[in-house]
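Down below is the structure, laid out as structure tokens.
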Amino acid sequence: MGSVQRAMRLLESVAEHEHGAPAKQLARETGLALPTAYHLLRTLVYEGYLRRDKGLFFLGEAAERLSSSGAEQKRRSTVVEALAHWRDLIGVPVYYAQYRNGEIEVLCVSDSPGNPAVEEWADFRETGHAHAIGQCLLAQLDDEARRDHLDRYPVQSITPYTVRDGHSLLRRLERTARMEPVIERQEYALGTVCAAIPITLGNAAATMAISLPAHQADRLPAATQQLQEEIGRLMGSLAISISI
């Protein structure tokens, strides 16, 4: 345990020196005897946590991977916490999704026993034309990307309310204002209504969405507006986090 603690102190000390630091300085800063510091530094270099260049020590690829992983986890936690807060505040399941590498990806869902999320009974990626999340993401794409997606995942009716064909869907998407919420009523799942709010970060298409049982459809407009306001309030702090 003592060796691990000393190695961690050396890593922390190296991290404070953007332009590197020699062994003698690191030993002095960490209060280690120079032979001990040398031994641990050599081990850390061998394992890839440090690299040595012209007598100076820098963080290595292994340490940078740990840092990157930790930062990503922190960003994801920020999104998870935000969705859980909105779930409790509005009293609805909340979803976060992105369009990445030509696919619809639902990255996070926050629900509760009293307000369960919609069951994915048909693959969300293949049925983007039918649910609010998919329609919202497709509406944010350019015409070429949108048609490419529909060529790979053709429109098909999965409930009596689903849009009937690709031409009808494209006309609907073209009429959707850029930042306008997308409302869907029982097109993906009978007994469920949904709303998706577009979030555009640079070239990335993303959305936050909610769902409600159809018998509570009268709640959907107010709940959607409330989520929009909450997103606007936190958008600055979420801008980086939602790029997970």
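Report, ordered by the first and then the second residue, all pairs with beta carbons closer than 8 Å, sequence separation of six or more or different chains, a first member in segment 94-121 that is without any contact (Cβ under 8 Å) to a residue 60 or more places away in the chain, and a second member that is assigned to a loop (DSSP other than H, G, I, E, B) and among the aliphatic types (A, V, I, L, M).
Cβ pairs passing all conditions: V109/A117; D111/A117; N115/V92.
List, please: which pairs have Cβ atoms under 9 Å, are six or more places apart or on different chains, and start with a residue in segment 13-35 that is touching a residue at least 60 places away in the same chain (Cβ under 8 Å) and end with one that is open to solvent by less than 20 Å² (accessible area, probe 1.4 Å)?
Matching pairs, first to second residue: none at all.
Before we move on, is Y49 touching a strand residue (DSSP E or B) at 6+ places or on another chain (Cβ under 9 Å) and either of a type in the set (D, E) or modelled with pLDDT of 90 or more (or both)? Please lay out each step first, then the result.
On the way: touching a strand residue (DSSP E or B) at 6+ places or on another chain (Cβ under 9 Å): yes; either of a type in the set (D, E) or modelled with pLDDT of 90 or more (or both): no.
Considered against the rule, which asks whether it is touching a strand residue (DSSP E or B) at 6+ places or on another chain (Cβ under 9 Å) and either of a type in the set (D, E) or modelled with pLDDT of 90 or more (or both), Y49 comes out as no.
Within 20 Å of I90 (Cβ to Cβ), open to solvent by 80 Å² or more (accessible area, probe 1.4 Å) and modelled with pLDDT of 95 or more, is that true of R152?
For R152, the condition - within 20 Å of I90 (Cβ to Cβ), open to solvent by 80 Å² or more (accessible area, probe 1.4 Å) and modelled with pLDDT of 95 or more - is not met.
Out of the residues in segment 41-62 that are in a loop (DSSP other than H, G, I, E, B), open to solvent by 50 Å² or more (accessible area, probe 1.4 Å) and not basic (K, R), which is nearest to V14 (Cα to Cα)? Spell out how you get there, then give the answer.
To start, the set of residues in segment 41-62 that are in a loop (DSSP other than H, G, I, E, B) comprises 47-49, 54-55, 60.
Narrowing the set further to residues that are open to solvent by 50 Å² or more (accessible area, probe 1.4 Å) leaves 47, 49, 54.
From the residues that got through so far, the ones that are not basic (K, R) too are 47, 49.
Working: E47: 15, Y49: 10 Å.
By that ranking, first place goes to Y49.
Conditions: (1) open to solvent by 10 Å² or more (accessible area, probe 1.4 Å); (2) without any contact (Cβ under 8 Å) to a residue 60 or more places away in the chain; (3) not in a strand (DSSP E or B). G128 meets all but one. Number of the miss?
(1)
Answer yes if at least one residue in segment 138-148 is of a type outside the set (F, W, Y), in contact with a Pro (Cβ under 8 Å, 6 or more places away or on another chain) and within 19 Å of N101 (Cβ to Cβ), and no otherwise.
Quick first cut of segment 138-148, residues of a type outside the set (F, W, Y) only: 138-148.
Retained after the next criterion (residues that are in contact with a Pro (Cβ under 8 Å, 6 or more places away or on another chain)): 139-140.
After this cut, where a residue has to be within 19 Å of N101 (Cβ to Cβ) as well, the list is 139-140.
Scanning segment 138-148 turns up at least one residue that is of a type outside the set (F, W, Y), in contact with a Pro (Cβ under 8 Å, 6 or more places away or on another chain) and within 19 Å of N101 (Cβ to Cβ).
Conditions tested, residue by residue: (1) open to solvent by less than 30 Å² (accessible area, probe 1.4 Å); (2) modelled with pLDDT of 95 or more; (3) not in a loop (DSSP other than H, G, I, E, B).
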site	(1), (2), (3)
R178	no, no, no
I183	no, yes, yes
T200	no, no, yes
A205	yes, no, yes
S211	yes, yes, yes
S237	no, no, yes
I240	no, no, yes
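From the list L26, L32, L66, which residue is modelled with pLDDT of 90 or more, not in a loop (DSSP other than H, G, I, E, B) and not aromatic (F, W, Y)?
On the way: L32 fails: not in a loop (DSSP other than H, G, I, E, B); L66 fails: modelled with pLDDT of 90 or more.
So the residue among L26, L32, L66 that is modelled with pLDDT of 90 or more, not in a loop (DSSP other than H, G, I, E, B) and not aromatic (F, W, Y) is L26.
Which numbered condition trips up R172, out of (1) surrounded by 20 or more Cβ atoms within 10 Å (Cβ to Cβ); (2) at pLDDT below 95?
(1)
From the list Y96, Y38, which one is part of a strand (DSSP E or B) and not hydrophobic (A, V, I, L, M, F, W, C)? First the steps, then the outcome.
On the way: Y38 fails: part of a strand (DSSP E or B).
Criteria check complete, one pass: Y96.
Inside segment 1-29, can you point out the residues that are within 14 Å of F57 (Cα to Cα) and of a type in the set (S, T, Y)?
S13
Results for (1) under 22 Å from Q216 (Cα atoms); (2) more than 19 Å from the chain's Cα centre (by Cα); (3) open to solvent by 80 Å² or more (accessible area, probe 1.4 Å), shown as yes or no for each residue.
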site	(1), (2), (3)
C108	no, no, no
G114	yes, yes, no
C136	yes, no, no
D143	no, yes, no
Q156	no, yes, yes
T159	yes, yes, no
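The values are calculated or read from the model by the stated rules, or taken from the named source; none is laboratory data. In this text the structure is predicted, and so the values were computed from the model without any measurement. All Cβ positions, glycine included, derive from the backbone under ideal geometry; neighbour counts span all protein chains shown. The protein model used for the area step is the full one, side chains on, heavy atoms only, and it has no ligands, DNA or RNA in it. Shrake-Rupley method; radii C 1.70, N 1.55, O 1.52, S 1.80 Å.
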